[in-house]
Structure formats: C-alpha cells, structure tokens
1. Please state the relative contact order of the range 279-429 as a whole percent: Cα pairs under 8 Å, 6+ residues apart?
2. How many nm is it between the label spots at GLU42 and VAL203, if each spot is 7 Å from the Cα in line with the beta carbon?
3. Tell me the volume per residue, in Å³, of the convex hull enclosing the alpha carbons of the range 413-503.
4. Residue by residue, what Karplus-based ³J(HN,Hα) values in Hz, rounded to whole numbers, does the range 232-248 have, using 6.51, -1.76 and 1.60 with θ = phi - 60° and x for Gly and Pro?
5. Amide H to amide H, which residues 5 or more places from ARG375 or on other chains are under 5 Å from it, using H placed in the peptide plane?
6. Along the range 391-407, what does the Karplus equation 6.51 cos²θ - 1.76 cosθ + 1.60 (θ = phi - 60°) give for ³J(HN,Hα), rounded to whole Hz, x for Gly and Pro?
7. Which FRET efficiency value, to the nearest 0.05, is calculated for LEU126 and ARG284 with the Förster distance at 41 angstrom and r the Cβ-Cβ distance?
8. Please compare each pair in LYS341/LYS502; LYS367/LYS440; LYS196/LYS570; LYS399/LYS479; LYS196/LYS569 to a cut-off of 25 Å on the Cα-Cα distance and tell me which ones are over it.
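Read-outs: derived from the displayed coordinates by stated rules, not from any lab. What you see is a predicted model, and the numbers here were worked out from it, not measured in a lab. With ideal geometry, Cβ positions are generated from the backbone for all residues, glycine too; neighbour counts draw on all protein chains shown.
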Amino acid sequence: MNLFNIAARNVKRNFYNYFVYFVSMIFSIMIYFTFVSIQYNEQVLQLAQVKERIGSGFKAASIVIAIFAAIFIWYSNSFFTKKRKKEIGLYSLLGVKKKQIGRMLFYENIVMGILALGAGIILGTLLSKVFVMLLVKLMGFSLPIKFTIIPKAIINTFITFFILFFITSVHGYTIIYRFKLIDLFKAEKSGEKEPKTSVVAAVFSVILIVGGYTLYLKAFELKLNFLYVILATLILVVIGTYIFFSYFTVFVIKMAKKNKKKYYNGINMIGTSQLLYRIKSSARTLATIAVLSATTLTAMGIATSQYYDFYTKQEARYPFSYVIKMNNDNLAKKVEAVMDKYPKNKVVNSIDIEFLNLECKIPNVSKLRKDVEYRKVSTYIISERQYNEIAKVRGIKDKISLNTSNECVLFDEWYMGKFDESYKDKTVEIDTNNENQKFKIVDFKPYSLTNRYMTFETLVVKDEIYDKYYNDSKIYKVKAYINDNKKDAEELTKELRNLVSKEYLEDEELFGKFSSYYDSYKGNLIESGLIIFVAGFLGLVFLMATGSIIFFKQLSEANDDKERYILLKKIGVNKKEIKVSISKQIFFVFITPLILGIVHSCVAVSIIGDALNLNLTVPIGISVGAYTLIYMIYYMLTVNAYSKIVNSNL
C-alpha cells in the first residue's frame with residue numbers, strides 16, 4: 001500500500017469530521033462557479049443595459065469569494081492539523097520519515113480539494129440555470145433561460161481552487177518540519193490550564209468597544225473628519241472585540257461560578273468549568289466570527305435595504321411618469337401625439353410648470369464641510385400658487401401657506417439626515433439685477449418637487465415675489481405627465497426619449513430635459529436586484545464558513561473531552577444530563593459572537609443608513625432574522641454531533 005492509498009483511506013475514515021468543512025467548500029466553489037458562469041453567459045450579457053455592471057459586479061464578487069475561501073481553507077487546516085498532531089507524532093515514533101508524512105498530508109488535502117472542487121462544479125452546473133433565472137427575475141426581466149455548460153467557467157473555477165488547495169496542501173506538507181516530536185504529542189493538551197482573569201482587561205475591552213461606538217455616533221457633533229473616525233472606530237472595535245473574548249468572557253464565566261445556587265445545580269459545575277477551560281483557546285476564533293458576522297450583516301442589511309428602499313420610495317422620487325423641458329408649445333403637441341399611440345399608457349393627468357432659474361446663496365448645512373457658510377447655486381423658484389397646484393396633481397397633503405413675503409420653503413432632494421443640519425430658520429438670498437433679498441426658510445422638504453434630478457434646490461415663495469423676479473430669459477418650463485401602466489412603458493419611453501433628443505439635437509445626454517419613471521424604475525430594479533443577488537450569496541458563503549469554523553472547533557474539543565464524560569457516566573450522570581450540559585456550553589460559544597456581531601452591525605448601519613438615505617429598520621430585521629436562523633441550525637448540528645462523539649463510548 002502506497003502513501004496515496006493511505007491518504008485516501010484517512011480521508012474516508014475522517015470524513016465525518018470533515019463533513020461540514022467539505023460542504024462549506026462545495027458551497028463556496030458552487031457560488032464562485034455561478035458568478036463566473038454569469039460573467040460568460042451570453043443570454044444574460046445580451047441584456048445590453050446591464051452588460052458592463054454584470055461583468056464587473058460578478059468579477060469583483062468572485063474575487064472576494066476566492067480570497068475568503070483561501071483564508072477559510074488555511075484557517076480550517078490549522079484546526080485539522082492540530083487535531084492530528086498526535087497521529088503525526090505517532091507516525092514519526094514508528095519510524096516514518098517526515099518527508100513521507102508530509103507527502104501523505106499533501107495527498108489528503110489534494111484529495112479533499114479535488115472532491116470538493118468536482119462536487120462544487122457539478123452542482124454549480126446543474127443549478128446554474130436556477131441561479132440565472134433568479135438573477136433575471138430580481139432585475140425585472142422576462143427572459144427564457146436555457147441550460148448551458150460554459151467551459152470557460154469550469155476552467156476558471158478549476159484553476160483558481162486547485163491553486164488554493166495546492167497552496168494549503170503545501171502548508172500541510174511543511175507543518176511537521178516546524179514541531180518537535182514532544183510538541184506533537186502535547187498539542188491536544190494545550191489550553192488545558194485554567195485561564196487567568198483580568199478585571200482591568202475585561203473593563204478595557206468594553207471601554208474600547210463603547211468608545212468606538214461613541215466616537216462613530218458622535219462624529220458630527222464633535223465636528224471630526226468622518227473618514228478618520230471610521231478608521232479609528234474599526235481599530236478600536238476590532239481590538240476591543242478580541243480582548244473582549246480573551247478576558248471579558250472569562251470574567252463572566254468566573255462570576256457565574258460565584259452564583260452557588262446555579263453553580264451546584266445538577267452538573268452545571270462540570271459544564272461551567274469545562275467552558276472556562278476551553279474559552280481562552282477559542283477567544284481568537286470567536287472574535288473573528290463576531291467581526292465577520294458584523295461585516296456580513298452590515299453588507300446584507302445595506303443590500304436588502306437598497307432593494308426595500310427602491311420599492312418604498314420610487315413613487316415619491318418619481319411621482320410623474322414623464323417630466324419634459326418644453327422649449328416651445330410645438331414640442332408638447334409632439335409629445336402628446338406620441339402618447340396617443342400607446343392607449344395602455346394613456347395620460348391620466350398633466351401640469352405645466354414655470355420655474356424661475358436664478359442664482360441664489362443657499363446656506364451650507366453639511367456637517368462634513370464647514371469652511372463655507374453659503375453655497376452659490378442655480379436655484380429653481382416657484383410661486384406658492386403653482387406649488388399648491390403641483391401638490392394637488394401629485395396628491396401631496398403638505399400645503400404651503402406663507403405668512404409674509406420674506407418667507408420661503410426649500411426643497412432639497414439631496415438632504416442627508418445626520419450628515420446635514422436643519423435648513424429651518426436659516427436664510428437664503430436671491431442675488432439678481434443688482435438687488436439682494438433675503439428670505440427666511442420656515443420649512444424644508446427632503447425630496448424633489450417634480451422628478452428626481454430635474455430640479456435640485458427649489459424655493460417656494462409668495463406669488464408677488466415670483467412675479468417680481470419673473471423674466472422670460474430665466475424661465476425653466478417643464479410639463480409633467482402622469483400615465484397609466486408606467487412600469488410597463490418601454491416602447492413609449494424609448495420613443496419619447498428619441499423625440500426629445502432630436503428636439504435638443506442631442507444623442508444621449510438629456511439631463512434636465514427629460515425624466516421618466518420607467519427609466520428610473522428599470523434602472524434601479526436592475527441595480528438593486530444585482531446587488532441583493534450578489535450580497536445574498538456572499539453572505540451565505542460567509543455564514544457557512546463561520547458556522548463551519550465553530551462546528552469543527554467544537555468537534556475537535558469533543559474528541560478531547562471523551563474521557564471526562566466517561567468519568568461523569570461512571571459517577572451516575574445520564575446521557576440526557578450530559579447533552580443538556582453540552583447544549584449550554586455550546587450555546588454560550590455560539591450566541592456570544594452572534595450577539596456582539598449584531599450589535600456591531602446595528603451601530604454601523606445607523607450612520608450608513610442616514611448617509612445613503614435608506615430606511616434600514618425592516619431590512620436589517622430581515623437580515624438578522626435570516627442570519628440567526630441559519631446560524632442556530634449550525635448550533636443544533638454542532639450539539640448533536642458533539643453529543644454523538646462524547647456518548648459513543650458511554
């Protein structure tokens with residue numbers, strides 16, 4: 001029997017211990033293969049509108065998966081190697097040369113890698129049609145998807161992961177040269193000493209985390225550079241997290257021992273002591289999982305919120321089916337003649353709006369930029385009467401009634417919540433015809449008066465003020481339409497866009513001249529669908545990897561704990577009591593990094609949501625709920641597997 005045969009038998013014998021790691025790797029390979037396949041899928045790439053975004057988006061995602069898979073494989077192998085150091089030491093004691101042992105480990109890793117690679121590519125190929133159909137559905141297209149096998153994707157995936165497995169196999173080959181024989185036999189006994197507690201370090205970890213949170217949340221009040229604040233917060237929170245699991249968790253467990261009533265109830269004393277002995281060696285792993293969970297939840301929450309935000313705010317951002325700049329009355333007739341050709345998109349309502357386009361000094365409310373008090377910008381002016389007409393057509397309940405000619409209401413669609421101060425009670429200045437007039441902003445609205453990107457900062461003033469500044473050369477006249485079936489208006493939108501392009505002698509650039517609900521709806525649907533597809537699967541890859549790390553870390557410890565549970569059985573402890581004790585120990589190991597990761601994520605998105613003008617409450621709730629559900633499935637699998645191992649000889 002040669003070394004390769006021995007390696008194959010070892011893989012078969014230890015396959016149960018490798019199972020979750022193996023499944024996680026298959027899933028990672030499958031998702032990587034899926035993303036690469038989509039890059040080369042001709043049917044998807046025929047969607048000309050998204051060809052560039054799909055190519056770059058999935059290429060970036062596949063690189064992230066490859067990097068994370070490399071870290072995961074390397075990290076996982078370190079656990080497996082530690083678990084088998086005693087076995088390696090026994091081979092050495094029996095006279096097997098280190099070179100031969102190294103080759104055997106190399107073959108084992110290669111065999112596992114090739115099996116995972118083959119399974120991942122096969123599953124990816126079989127499910128690729130389903131994934132592409134899901135992507136196309138999320139992006140709002142109706143495209144019949146054919147089952148295709150893409151050789152480029154297979155070759156790309158095989159080369160990428162074979163290189164990863166080869167590198168980790170070489171790492172396994174070299175590991176035995178870095179330990180003495182005595183170290184290999186003592187490896188499983190490392191971490192058996194009761195960890196020392198440090199109240200100072202425990203408190204310091206909490207101070208670092210809370211300090212990072214406070215710095216992040218109070219950045220604008222303290223008028224600090226936000227980019228530097230983010231960097232400082234990351235450093236403080238990550239360091240604090242690692243110290244937290246090294247000292248604070250030990251401190252909490254030792255404090256639990258002082259609760260005599262619970263500590264001496266049943267076999268809680270055994271479980272608590274067991275957890276205390278193990279927690280120190282798991283600190284780095286748990287901290288890593290907390291940080292990864294926070295990162296994953298933040299990314300998934302933002303991706304989900306973008307999709308949610310698009311659906312909930314699209315109507316408010318694009319209340320009109322079309323807004324068209326009118327340079328003459330003839331254009332309006334042409335536009336309506338085109339609309340008459342599409343009875344399913346008939347005009348429900350329309351309104352002519354005449355804005356004055358004047359230079360104004362708008363107060364600078366950005367907390368990120370305090371070097372200027374005012375911004376001189378081209379501002380749109382509209383009368384109170386016209387606003388109320390628009391509000392009626394739009395169905396807006398906000399009625400404006402200005403008391404004096406020195407008051408105004410400001411509309412700013414770029415207002416960014418916590419990143420900006422309030423406009424209210426500040427002044428805006430109209431500077432034209434060698435005359436300056438200041439107006440008090442009595443209210444402001446964080447949305448556009450027409451469609452987004454058509455009118456940015458807009459002032460509503462008294463009718464007499466509007467009439468005072470009225471000038472034909474300063475008029476920005478638009479006509480806004482509300483049509484039926486605005487989500488299904490591709491042909492009408494295309495024809496109108498071409499008509500307006502010819503009118504203004506432009507081929508593509510119609511900024512400020514043409515706005516359509518359909519273009520925005522379709523573009524945002526494609527963008528948000530693409531993002532949520534990528535983020536969702538990346539999140540699943542990260543979740544499976546982190547769940548697997550805890551899983552086989554606990555299984556490694558289960559094999560070491562067998563003798564202790566045999567002793568418990570001998571003194572009268574039954575299997576049910578042992579399983580309850582195991583459940584409590586593992587629950588603490590699972591729940592601590594999850595809770596801290598969720599808290600990190602919630603703090604992170606509290607500012608990001610304001611920056612992106614996103615409502616994150618519902619999306620984050622959905623993301624956290626789904627993540628926790630899958631995470632707890634890993635917990636139950638770990639408890640069952642751990643119990644089987646320790647009860648196998650009872």
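1. Numbers: 87 pairs, mean separation 29.9, N = 151.
Dividing the mean separation by the residue count of the range 279-429 yields 20 percent.
2. 7.0 nm
3. Numbers: hull volume 15.2 nm³, N = 91.
Taking only Cα atoms, the range 413-503 has a hull volume of 167 Å³ per residue.
4. Going residue by residue, I get 4, 4, 4, 4, 4, 5, 5, 4, x, 5, 5, 5, 4, 6, 7, 10, 5 Hz, with x marking Gly and Pro.
5. Hits under the 5 Å cutoff: ILE362, ASN364.
6. So the Karplus estimates, Gly and Pro as x, are 4, 5, 5, 6, x, 7, 8, 6, 8, 10, 9, 7, 7, 10, 6, 9, 10 Hz.
7. Working: r = 38 Å, r/R0 = 0.92.
Result of the calculation: an efficiency of 0.60.
8. On the way: LYS341/LYS502 19 Å; LYS367/LYS440 21 Å; LYS196/LYS570 30 Å; LYS399/LYS479 21 Å; LYS196/LYS569 29 Å.
Flagged as over cut-off: LYS196/LYS570; LYS196/LYS569.
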